[in-house]
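Notes for the one structure printed next.
Readers should treat all values here as calculations from the given coordinates under stated rules, not as data from a laboratory. Quick caveat, the model's predicted, so the values are computed rather than measured. Here the Cβ positions follow ideal geometry from the backbone for every residue, glycine too, while neighbour counts run over all protein chains shown.
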Amino acid sequence: MKKRGILVVYYVAPQFWAWRQGRVRLLRDYIDKALVIFPFEENFYRERGVDATFVGHPLADFGAAGNRAQRLCGAIFILTPQSIGITLMPGSRVKEVRMNLPTILEAAAELGPDYEFLLPVAPTLERTFLRNLIGQQFGHAGA
């Protein structure tokens, strides 16, 4: 689209600062403007030749953490408002989940039983895939 003279704006730019920083050049070639959600990302992208503007995180105004926890607890999730809940987010693609989830589960196990864990399932993943991967981690199928 950029080659055709159409302004291309990327909202929630890829987090290349965490993974594969060299790919920034691809973004620079294909977009005109990056709207970033973390303050430090603006400098990161600008230093690499991408016009970037920090616009804030879309969940920043969602409410206080306590209010969020109370809204999430209850009928939808099996969490208690008094517990310390931790969301495990290994990714949305099979390859990255296969690579990330085992290490994340190991870290969660190290924390012990005082925490409750929530693993959201991206629409790009099958629940059976996650159950099997978790089962392999803990030595039984279909966890």
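Residues whose amide H comes within less than 5 Å of that of residue 116, counting only those at least five positions distant or on another chain, are 84, 85, 86 (H built at 1.01 Å from N in the peptide plane). Packing, taken as the mean count of other beta carbons within 10 Å per residue, orders the peptides 42-48, 120-126, 108-114 from highest to lowest as 42-48, 120-126, 108-114. Once both labels are positioned 7 Å from their Cα atoms along Cα-to-Cβ, the gap between residue 6 and residue 51 label points is 1.8 nm.
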